[in-house]
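**Student:** I have a structure I would like to understand better, so I am pasting it below and will then ask my questions one at a time.
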Amino acid sequence: MTYKMIEVDIELSDFDDEDLIEELESRGKYSPTMGDSDELIDKIFHLRRLGKPYERELDEYLYIRTGRAI
């Protein structure tokens with residue numbers, strides 16, 4: 001097996017949104033539900049304010065925002 005390294009100058013603007021989303025999805029760094037994180041943070045706030053458990057929702061929020069499970 002042979003590997004060859006090539007340096008290429010590119011700009012992020014060379015890619016459209018769909019290309020970038022596809023690449024992030026393939027790396028497990030994007031989920032279509034990422035926009036739902038505002039609703040999730042509101043839910044966490046209200047659960048905490050009421051003294052109810054919110055750890056599951058917090059873990060979900062952190063996963064959505066970071067792409068890493070706790």
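The values are calculated or read from the model by the stated rules, or taken from the named source; none is laboratory data. Remember, it's a predicted structure, so these values are computed and weren't measured experimentally. All Cβ positions, even for glycine, are placed from backbone atoms using ideal geometry, and neighbour counts span all protein chains on display.
Rundown of residues vs (1) on the phi < 0 side of the Ramachandran plot; (2) modelled with pLDDT of 90 or more; (3) surrounded by 13 or more Cβ atoms within 10 Å (Cβ to Cβ), yes/no style:
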position: M5; (1), (2), (3): yes, yes, no
position: L12; (1), (2), (3): yes, no, no
position: L40; (1), (2), (3): yes, no, yes
position: F45; (1), (2), (3): yes, yes, no
position: R48; (1), (2), (3): yes, yes, yes
position: L58; (1), (2), (3): yes, yes, yes
position: I64; (1), (2), (3): yes, no, yes
position: R68; (1), (2), (3): yes, no, no
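**Student:** Across the stretch 43-70, which residue is farthest from I21 (Cα to Cα) among those that are in contact with a helix residue (DSSP H, G or I) (Cβ under 9 Å, 6 or more places away or on another chain) and among the acidic types (D, E)?
**Tutor:** Going through the qualifying residues, I end up with E57.
**Student:** Right, something else. Out of the stretch 54-70, which residues are within 14 Å of L40 (Cα to Cα) and assigned to a loop (DSSP other than H, G, I, E, B)?
**Tutor:** Within the stretch 54-70, just Y54 meets the criteria.
**Student:** With of a type outside the set (A, V, I, L, M, F, W, C) and touching a Ser or Thr at 6+ places or on another chain (Cβ under 8 Å) as the only criterion, which of Y30, Y54, Y61, Y3 stands out?
**Tutor:** None of the other options fit; the residue is Y61.
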